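Enquirer: Below you'll find the structure I mean.
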Amino acid sequence: MQHPTETVINLCGLNHQTSVLKLARSCLSPFRMPGSLPAVCEAAWPKDVGIMAVEVYVPSQYVEQAELEEFDGVGAGKYTVGLGQARMGFCSDREDISSLCLTVVQRLMEHSGLSYQSVGRLEVGTETIIDKSKSTKTVLMQLFEESGNTDVDGVDTTNACYGGTAALFNAVNWVESSSWDGRYALVVAGDIAVYATGGARPTGGAGAVAMLVGPNAPLAFERGLRGTHMRHAYDFYKPDMVSEYPVVDGKLSIQCYLSALDRCYSIYRNKIHAQWQREGLDKRCSLADFGFMVFHSPYCKLVQKSLARLMLNDFLCHPSPDTESGPFSGLEAFRDVKIEDTYFDRDVEKAFMKASSEAFENKTKASLLISNQNGNMYTPSVYGCLASVLAQHTPQQLAGQRIGVFSYGSGFAATLYSIKVTQDATPGSSLDKLVSSLCDLQARLDSRKKVSPDVFAQNMKLREETHHLANYIPQGSVEELFPGTWYLTRVDEKHRRQYARRSVSDDRPLEAGLLTSSNAAEVCFSNWYLFHMILMYFHNN
């Protein structure tokens, strides 16, 4: 009589010689985790907890920054060269923070083929507030209704552009804690960044990023390597509860950002140096230890200055830098500068941007794809930069690399941490799947509709006039939205918001080769059954 496990193996089309242990591991590979933690795994510390999947959503319309320069009557190059921005995405009144998050979460679940029952934590990081009490996360629970899964931890996390990072840390900590039940965590960072008419308006943007968090991830958080710096400052804040617009002190905001970067980098280097000492390594941490560096990007030029800033830190902390050759060549005149005196020192900035130009090209430039083409998304900004790196490199180029991530939110809160990319870049690996899911990122950006600055300004005026109105039906065109996009249908007299989803039928080319929701359910059930048959084998033998 054939053993039940052999029956399962035969049904799956596997060879009789297949190792049962290898089969068990495959059941726990990305996107095949059962809905609860098996008893045999309860005592195990989850390894390589991190990001398993990423989905990005940007609005379907944008305005050219060069045309906006002319429309605003400013000098040519002010936005395109001075800020480093090419295009800016924006939302009509048909989209709000809840619709952005509904769209990106459903797309991630559909593209990964996951059941909603496999998610045990869902947290939203955002500063786009449409209700002072009800969280955006609770709106997203509508997506879980059909599955019957209401056992989902997490709510919203808010602190300017840092909320998405705080939500991501909470998700990682949950998976590594006694609260973890074996399911995935899902993190959503989303915002609509809009400014009043004036110099700050071209630094706007909009979008959302969803990230799936779990063990054995292709992008694993390096445990213990996190430098955080938090202080009180009024550099950017939103005190007017009836307006989407912030109050911004531009100069103070740049100073806070750069000072936070200095401090976080110093703390991170101290921690990794201590870790290396425990491992018997005598080396100094520098930019050379990062394959890639991504930053929160209010605008692209600040990111380029930030990488130069890290080189400045390396230079000033080095006991005897070589100023005759190498990256520090010709910088001896800056040996005695005080770091806190250099935030607006043009000579220092120019010298170190030049010295770090090669490092910027190799480590950071690719991360600015979404930022340059879509603008500042606030909480998703740094994760849009991470997605941009993944989208423009092969699994082989990414494998084994350390990615430095600097997240900043005004007010202010900042962290520099690192992610280690798995060494496994083989076809079909978790890294290969992650990279493949983002390979059409440029095509998505190119598929948007360009509108004139006048149409953009009209949309901003409409949002300003109708923000937080009750008994309101949005005026924006649904046909302008991407297929599969959630949108606002009306706000009733009690401010209750109703949403609908545009048909996905026109979106099939982008989803080629990906599982549909119905197929996903079948896969989840078959994997669950297979896994438990294997557990029975272990128990009986």
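The values are calculated or read from the model by the stated rules, or taken from the named source; none is laboratory data. Everything numeric in this text was worked out from a predicted model, so none of it was measured. Methodologically, a virtual Cβ is constructed for each residue, glycine included, from the backbone with ideal geometry; neighbour enumeration extends over all protein chains shown. We work out accessible area using only protein heavy atoms, side chains counted, and drop any ligands, DNA or RNA first. Shrake-Rupley method; radii C 1.70, N 1.55, O 1.52, S 1.80 Å.
Enquirer: So what's the gap between the Cα centers of segment 266-301 and segment 190-243, to the nearest angstrom?
Expert: Answer, in whole Å: 22.
Enquirer: With only Lys, Arg, Asp and Glu charged, each at its Cβ (+1 for the first two, -1 for the last two), find how big the charge dipole of the chain is about the Cα centre; round to the nearest 20 debye.
Expert: Using Cβ point charges on Lys, Arg, Asp and Glu, the chain gives about 620 debye.
Enquirer: So if each residue of separation counts as 0.36 nm, and I subtract the Cα-Cα distance between GLU479 and ARG278, what length gain in nm does that give?
Expert: Working: separation 201, 0.36 × 201 = 72.36 nm, distance 5.92 nm.
Gain on extension, GLU479 to ARG278, equals 66.4 nm.
Enquirer: What does the helix-only formula give at 222 nm for the chain: each DSSP H stretch with n ≥ 4 adding -39500 (n - 2.57), the total divided by the residues, and the result rounded to the nearest 500 deg cm²/dmol?
Expert: On the way: 17 runs with 195 residues, N = 541.
My calculation for the chain gives -11000 deg cm²/dmol from helical runs alone.
Enquirer: Checking the cross-link filter: which lysines have an alpha carbon closer than 22 Å to that of LYS283, excluding same-chain neighbours under 8 positions apart?
Expert: Output for LYS283: LYS271, LYS363, LYS420.
Enquirer: Here is a follow-up. Which GluC sites (Glu not before Pro) in segment 206-312 sit in a loop by DSSP (not H, G, I, E or B) and have at most 10 other Cβ atoms within 10 Å of their own Cβ?
Expert: Of the GluC sites (Glu not before Pro), the ones in loops of segment 206-312 whose Cβ has at most 10 other Cβ atoms within 10 Å are GLU279.
Enquirer: If you average 1/r over all unlike Cα pairs in segment 51-146 and invert the result, what Kirkwood radius do you get in angstrom?
Expert: Numbers: mean 1/r = 0.0619 Å⁻¹.
Kirkwood hydrodynamic radius for segment 51-146: 16.1 Å.
Enquirer: On to the next question. Please sort by residue number the GluC sites (Glu not before Pro) in segment 109-159 whose DSSP state is loop and whose Cβ has at most 15 other Cβ atoms within 10 Å.
Expert: Of the GluC sites (Glu not before Pro), the ones in loops of segment 109-159 whose Cβ has at most 15 other Cβ atoms within 10 Å are GLU145, GLU146.
Enquirer: Of all the accessible heavy-atom surface of the chain, with the other protein chains kept in place and a 1.4 Å probe, what percent is carbon and sulfur?
Expert: 51 percent
Enquirer: Please turn the phi angles of segment 404-417 into ³J(HN,Hα) values with the Karplus equation 6.51 cos²θ - 1.76 cosθ + 1.60 (θ = phi - 60°), one per residue in order, whole Hz, x for glycine and proline.
Expert: Using θ = phi - 60°, the values come out as x, 10, 10, 10, 10, x, 4, x, 9, 9, 8, 8, 10, 9 Hz.
Enquirer: OK, next. Taking the full set of protein chains and a 1.4 angstrom probe, give the accessible area of TRP45 in square angstrom, rounded to the nearest 10.
Expert: That residue has around 140 Å² of solvent-accessible surface.
Enquirer: So, one more: Could you work out how far the C-alpha centroid of segment 358-382 sits from that of segment 81-160, in angstrom?
Expert: Going from one Cα centre to the other spans 22 Å.
Enquirer: Let me ask something else about it. What ratio of Cα Rg to 2.2 N^0.38 Å holds for segment 50-520?
Expert: Relative to the rule-of-thumb radius for its length, segment 50-520 sits at 0.96.
Enquirer: I've got another one for you. Cross-link candidates for LYS350: which aspartates and glutamates have Cα within less than 18 Å, leaving aside residues fewer than 8 places away along the same chain?
Expert: ASP262, ASP314, GLU332, ASP336, GLU340, ASP341, GLU358, GLU361
Enquirer: Express in Å², to the nearest 10, the accessible area of CYS317 obtained by rolling a 1.4 Å probe over the protein heavy atoms while all chains stay in place.
Expert: For CYS317, the solvent-accessible surface is approximately 60 Å².
Enquirer: Now for a separate question. Given the pairs LYS238/LYS449; LYS132/LYS450; LYS134/LYS433; LYS78/LYS251, which are separated by over 27 angstrom at their Cα positions?
Expert: LYS238/LYS449; LYS132/LYS450; LYS134/LYS433
Enquirer: Normalising by the residue count of the chain, find the relative contact order in percent from Cα pairs under 8 Å and 6+ residues apart.
Expert: Worked out over the chain, it gives 23 percent.
Enquirer: What share of the DSSP beta bridges in the chain is antiparallel, in percent to the nearest 5? Don't skip to the end; give the middle numbers.
Expert: Working: 46 of 63 bridges.
Beta bridges within the chain, antiparallel portion: roughly 75 percent.
Enquirer: Moving on to the next point. Beta carbons within 10 angstrom, averaged per residue: use that to sort the peptides 286-292, 473-479, 82-88, highest first. Show your work: numbers first, answer last.
Expert: Details: 286-292: 17.3, 473-479: 13.4, 82-88: 21.0.
By packing density, highest mean first, the sequence is 82-88, 286-292, 473-479.
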